[in-house]
Structures are given as C-alpha cells and as structure tokens.
Amino acid sequence: MSLDISLSKRDEITATVSRSVLETNVYDIHTHLYDPAFGELLLWGIDDQLVYHYLVAEAFRHFEINFNDFWKLTKENQAQMIWDSLFIDNSPLSEACRGVLTVLNRLGLDTNQRDLPRIRKWFKEQNPSEYITRCMELAKVSKICMTNSPFDELETSRWISGFERDERFTSALRIDPLLLEWDSIIPQLIESGYEVQHDLSGKTMEEVQRFLRDWTDQMDAVYVMVSLPPTFEYPANNQCSKLIDEAILPFCRESGLAFALMIGVKRGVNPAMKLAGDGLGKPSLISLENLCSNNPNNKFLCTLLSKESQHELCVVARKFRNLHVFGCWWFTNIPSVIEDMTRMRLDLIGMSFTVQHSDARVLDQIIYKWDHSRDTITKVLTEKYLNLAATGWKPSKREIQRDIDGLFGQNFNQFLAK
C-alpha cells in the first residue's frame, strides 16, 4: 500500500508509537510468580533463569546425560551444564537464550565475558526486596498477576498463616485439579471440611462453590483459571463438564469473576523431562463457542497454545462479546509468532484484547519478555497507524496512548469490571 502521508507525519507517528509502547507501564495479567512474602517460591537469579524449562528442553537436545542423573545434580551444576551447552558450545540464538542475555545486559552485566561464576556472584549480592523493584521498573510492569493453586500445600500454608500483601501482586485462582483430577483431590476437599461425593451427588456442587468462594476471598482473586488439554470438550458427559456447568459457572456469575481458559497443553509428553516435557495440540474451539453461547452472563478469558488455532480464536471472539482474548502463551511467546498473532488480532478484533502477558516463572524474565514483546508490538502498531493515516484519518498522540493503555491492561480491567 502506498502511504500518501507526509514524511514529517510518518516520523511523528513512528516516534509516538515507539515512545508510548516503550514507556507505558503494563499489567502482567498471567505469570507464575509469587508475592515476595512467599519467600523461596519466588524464583530469581541466574541459576533459576538457566534451569527454566524452556532452556532445559533445548539443552537436552545436546546432552548425553541420563534424565534422572541430570535431575540429581544441584541446581548450580544443572545451570552450569546448560550454560556450557547452549551459551559456550553453541551460539545462544534461541529466544530463551537471548532472553537470559537481555536480562543480564539490562541489569548492567557484561555478557561478553561469558563468566558464569562472576554472574552468579553478582546475583548473590543483590537484596531480594530491592531486586524485585528493580526488575519491575526495568520491565515497566506495574502489577503482576500470580497463578495460585488452593491444592498446592506449599502455597496454601502461606495463605492460611496470613501475610502482608504486596499491592503490586494480584492473584488468579487456579483450579486445574478440580476439573481434571477430581477423584484424586476428593480426600483433600473432605479433609478441609467440604461435603463432596465422588459421583458429584448430594451437596457436592454447593460445596465446590463454597470452596471457590472461600479461596477467592482468601486470595482476593481477580479471576478463576484453568489450563486445559487440546482434547477438552464442552458440553460433554463427564465430570469436568458437569463441574463447569453446575459449580464453576454459577460461582463465576454470582461473584462476577471471569473464567479463564488456557487451552492446548499436553502434559507429560516426555515425563522424564518434568516441566520441560509438556507439549501442545490443536484444540477444537467448538467447546469455547458453546461455553460463550450457552452462558451469555458469564465472562471468559482465553489464550491458546497452538499457533494454528489463533485465527479461529479471533473469529470466535468476533461473535461473542463475553470473550476476551489475551496474550501469547508459552510456545507462541516468540517474536515471529507474537508478530503474526498481534497483527491478526488487530485485523480481526481491533483494539478489544490484551496484547501480551509474560507467563514468567522466574522474576528476571519479565525484563526480557516485555522488552522483546514491546519491540514486536511497536513494529506492528507502527505499521497499522501508518496504514490508518494513509486513509486520511491521522491518529493523535492522545488516541495512540489511549489505545496502548488499553492493550497493556486497561482493556482487561474494563472487561473484568463489566
């Protein structure tokens, strides 16, 4: 397309978009991070960055060591093996490797020294509280939404004992075991005082709703979420579908909370690799259509793991205003895919989505994940605003800032508040 706009206007739009995307604070609406009060559960530092499952999976393509023998090593030794394999013996060109180097560079460390012991020493000298603030400031992240499970004993003990919340950290109530492992979590529910039955009879649905209400209050959760396999079906003649219909959705309607579905993960494709052994599959989105269509008074958030599913997701979102699309999850959180997904979403659903979440499992990762995402988002938005200006509709600085505020968290907040 020939852009019939002046060079000065092109430069103005390009500079405005770049400045706004790079300087606007974001609400990171899905992470696996923790409020600092959770202590060691909040991962940070070079060893945690290197033993992140993205890099573990990549490194095992080079290792000859047995899986079990690797997991018996100390974290430092695991990190050293990954560093040697991916950064010294090979150029660190993958997104996960580049991410580590981006973090180190932004923190002011000389990555070209290739000196892991010196890097490790620097991290050990950091004050954890000050370091959290520094990472958030570098990433320009104002709020972080945790993913909190009421079935994880390490987490629940902290919630029950109580702690002073860091207002920068919000919570999402994760209910995977409730929907996917019902038979195995029954004893835990009963021990906690909930009158539930294996066959879902009696007061089970009321008690599940009470369980959700109790933990939402305990965590002050802003939404309810579940990570689902590509085989997920709704409606279906199974426990998962029945629990959704008779417990989850009624609770969400009553509380006003959105139900977030993250669909497409195949757990344990290679169980010997632990977290690094999960894969993905392409789901049928008929189930998502049915959820949105059959439950117009419920709000749904959705992100998908399969790149091939993103076009269909946008089309579903065009049909149901109770569905909010968000982020580029896990295997799609790489620049080439982020670019395609962001452009497609802008083309099909305009500004009515949340452009990204970090999915960070290690605090430091918010620096690179947002840096890299901002670069790609800037590229796509600049193209879109220049195309818009070529029609004679020249966006103002205020309009561009409004749009980017929306994509970086306000759209999400507004959707939850409806």
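The values are calculated or read from the model by the stated rules, or taken from the named source; none is laboratory data. Here the structure is a predicted model, which means the values were calculated and not measured. Cβ: placed from backbone, ideal geometry, glycine included. Neighbour counts: every protein chain shown.
Within the stretch 41-64, identify whether any single residue is in contact with a Ser or Thr (Cβ under 7 Å, 6 or more places away or on another chain) and touching a residue at least 40 places away in the same chain (Cβ under 8 Å), and answer yes or no.
Going residue by residue through the stretch 41-64, those that are in contact with a Ser or Thr (Cβ under 7 Å, 6 or more places away or on another chain) are 58-59, 62-63.
Remaining after also requiring touching a residue at least 40 places away in the same chain (Cβ under 8 Å): none.
Looking for residues that are in contact with a Ser or Thr (Cβ under 7 Å, 6 or more places away or on another chain) and touching a residue at least 40 places away in the same chain (Cβ under 8 Å), one finds none in the stretch 41-64, hence no.
The combined condition, being of a type in the set (G, A, S), in a strand (DSSP E or B) and in contact with an Asp or Glu (Cβ under 9 Å, 6 or more places away or on another chain), is fulfilled by S227.
Within the group S352, S396, which residue is of a type in the set (S, T, Y), surrounded by fewer than 16 Cβ atoms within 10 Å (Cβ to Cβ) and modelled with pLDDT of 95 or more?
On the way: S352 fails: surrounded by fewer than 16 Cβ atoms within 10 Å (Cβ to Cβ).
It is S396.
So is C328 modelled with pLDDT of 95 or more, closer than 19 Å to G281 by Cα, assigned by TED's automatic domain parsing to the domain that holds K266 and not in a helix (DSSP H, G or I) or not? Talk me through it step by step, then tell me what you get.
Numbers: modelled with pLDDT of 95 or more: yes; closer than 19 Å to G281 by Cα: yes; assigned by TED's automatic domain parsing to the domain that holds K266: yes; not in a helix (DSSP H, G or I): yes.
So C328 fits the description; yes.
Scanning the stretch 374-393 for residues that are buried (at least 18 other Cβ atoms within 10 Å of the Cβ) and either within 11 Å of R10 (Cα to Cα) or not assigned by TED's automatic domain parsing to the domain that holds L346 (or both), we see that the one that is nearest to the chain's Cα centre (by Cα) is T382. What are the residue pairs meeting all of these: first residue in the stretch 389-415, first residue more than 18 Å from T342 (Cβ to Cβ), second residue of a type in the set (A, V, I, L, M) and assigned to a helix (DSSP H, G or I), Cβ atoms under 9 Å, and 6 or more apart or on different chains? Qualifying pairs under 9 Å: A389/I13; K394/I13; K394/L388.
Can you tell me which residues in the stretch 186-224 are among the polar types (S, T, N, Q), in a loop (DSSP other than H, G, I, E, B) and either closer than 27 Å to G162 by Cβ or outside the structural domain of L305 (by TED's automatic domain parsing) (or both)? Walk me through it before giving the result.
Initially, the stretch 186-224 is screened for residues among the polar types (S, T, N, Q), giving 188, 192, 197, 201, 204, 209, 216, 218.
Those still in the list that are in a loop (DSSP other than H, G, I, E, B) too: 192, 197, 201.
Hit for the stretch 186-224 is S192, nothing else.
With respect to the conditions (1) free of Cβ contacts under 8 Å to residues at least 40 places away in the same chain; (2) not assigned by TED's automatic domain parsing to the domain that holds P335, G99 lacks only one, and its number is (1).
I'd like the residue in the stretch 103-148 that is crowded, with 17+ Cβ neighbours inside 10 Å and in a loop (DSSP other than H, G, I, E, B) and, out of all such residues, is nearest to the chain's Cα centre (by Cα). If we take residues in the stretch 103-148 being crowded, with 17+ Cβ neighbours inside 10 Å and in a loop (DSSP other than H, G, I, E, B), then K140 is nearest to the chain's Cα centre (by Cα). Listed by first and then second residue, the pairs with beta-carbon distance under 7 Å, at least 6 apart or on different chains, first residue in the stretch 228-252 and assigned by TED's automatic domain parsing to the domain that holds W215, second assigned to a loop (DSSP other than H, G, I, E, B) and polar (S, T, N, Q), are L249/N295; L249/N298; C252/N298.
Name the one entry in D371, D347 that is surrounded by fewer than 15 Cβ atoms within 10 Å (Cβ to Cβ), assigned by TED's automatic domain parsing to the domain that holds K143 and outside any loop (DSSP other than H, G, I, E, B).
Numbers: D371 fails: surrounded by fewer than 15 Cβ atoms within 10 Å (Cβ to Cβ).
D347 is the lone residue from the list that is surrounded by fewer than 15 Cβ atoms within 10 Å (Cβ to Cβ), assigned by TED's automatic domain parsing to the domain that holds K143 and outside any loop (DSSP other than H, G, I, E, B).
For T147, are the conditions met, namely being at pLDDT 95 or above and in contact with a His (Cβ under 7 Å, 6 or more places away or on another chain)? Criteria met by T147.
So that you can scan it fast, the table gives a plain yes or no per residue for (1) in contact with a helix residue (DSSP H, G or I) (Cβ under 6 Å, 6 or more places away or on another chain); (2) among the hydrophobic types (A, V, I, L, M, F, W, C):
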{"residue": "I286", "(1), (2)": "no, yes"}
{"residue": "P296", "(1), (2)": "no, no"}
{"residue": "E312", "(1), (2)": "no, no"}
{"residue": "F320", "(1), (2)": "yes, yes"}
{"residue": "F326", "(1), (2)": "no, yes"}
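Of all residues in the stretch 233-264, those satisfying the criterion of being in contact with a Ser or Thr (Cβ under 6 Å, 6 or more places away or on another chain) and crowded, with 21+ Cβ neighbours inside 10 Å are M262, G264. F123 meets the conditions (1) at positive phi; (2) touching a Gly at 6+ places or on another chain (Cβ under 6 Å); (3) not basic (K, R) in every case but one. The failed one is (1). Here is the figure for the stretch 176-230: residues that are surrounded by 15 or more Cβ atoms within 10 Å (Cβ to Cβ), among the polar types (S, T, N, Q) and in contact with a helix residue (DSSP H, G or I) (Cβ under 6 Å, 6 or more places away or on another chain) total 3.
Just to check your reading of the model, which residue among I13, I65 is surrounded by fewer than 19 Cβ atoms within 10 Å (Cβ to Cβ) and in contact with a Leu (Cβ under 9 Å, 6 or more places away or on another chain)? Walk me through how you get there before you give the answer.
Details: I13 fails: surrounded by fewer than 19 Cβ atoms within 10 Å (Cβ to Cβ).
Criteria check complete, one pass: I65.
Kindly check whether there is at least one residue in the stretch 163-181 that is without any contact (Cβ under 8 Å) to a residue 12 or more places away in the chain, outside any loop (DSSP other than H, G, I, E, B) and over 25 Å from F300 (Cβ atoms). Full working, then the answer.
Of the residues in the stretch 163-181, the ones without any contact (Cβ under 8 Å) to a residue 12 or more places away in the chain are 167, 181.
Keeping just the survivors that are outside any loop (DSSP other than H, G, I, E, B) gives none.
No, every residue in the stretch 163-181 fails to be without any contact (Cβ under 8 Å) to a residue 12 or more places away in the chain, outside any loop (DSSP other than H, G, I, E, B) and over 25 Å from F300 (Cβ atoms).
I'd like the full set of residues that are surrounded by fewer than 19 Cβ atoms within 10 Å (Cβ to Cβ) and either farther than 18 Å from N290 by Cβ or small (G, A, S) (or both), limited to the stretch 304-313.
Looking only at the stretch 304-313, we keep the residues that are surrounded by fewer than 19 Cβ atoms within 10 Å (Cβ to Cβ), and these are 307-308, 311-312.
K307, E308, H311, listed by residue number.
When the stretch 29-77 is filtered for residues that are of a type in the set (A, V, I, L, M) and outside any helix (DSSP H, G or I), the ones remaining, listed by number, are I29, L33, L42, L43, V51, I65, L73.
Within the stretch 351-372, work out how many residues are closer than 26 Å to E40 by Cβ and of a type in the set (V, I, T). Residues meeting the conditions: 3.
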